[in-house]
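See below for the structure under consideration.
Derivation of every value follows stated rules applied to the coordinates shown; laboratory data play no part. Just so we're clear, the structure is a prediction, and the values are computed from it rather than from any experiment. Here Cβ is always computed from backbone atoms with ideal geometry, including for glycine, and neighbour counts include all displayed protein chains.
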Amino acid sequence: MGASNYSGVWKNCATCEHWSGARKPLPGHDGVTVDSSTVGVCNGFWKGSRKYANDKCGGWAKWGHITQASPEREIS
Ligand code: SF4
């Protein structure tokens with residue numbers, strides 16, 4: 001258990017507009033924090049499939065609650 005942070009530039013499901021999982025924008029709004037046990041459903045390219053926060057695909061679209069992350073910012 002625990003939370004993981006995802007930068008928007010990594011383009012995971014965690015930061016995708018099409019993912020239904022619970023997440024919170026990071027203070028700088030350039031990424032999100034997600035509980036490690038979270039599973040969401042994709043409503044985009046993999047419509048109806050269960051996806052973990054760290055999954056990704058070519059259909060990624062930036063979640064509306066974050067800005068595009070600056071590449072130089074590191075999130076750990
Ligand atoms: S599978 Fe692709 S389209 Fe679906 S939520 Fe993840 S990154 Fe977005």
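Taking the Cβ of each residue in CYS13, CYS42 as the centre, tally the other Cβ atoms inside 10 Å and list the residues starting with the fewest.
Values: CYS13 29, CYS42 20.
With the fewest neighbours first, CYS13, CYS42 line up as CYS42, CYS13.
Between LYS62 and GLU17, the contour length at 0.36 nm per residue exceeds the Cα-Cα span by 15.7 nm. Taking label points 7 Å from Cα along the Cα-to-Cβ direction, ASN5 and ARG50 give a separation of 2.9 nm. Each residue in LYS51, LYS24, LYS56 was given a count of other beta-carbon atoms within 10 angstrom of its own, and listing them fewest first yields LYS24, LYS56, LYS51.
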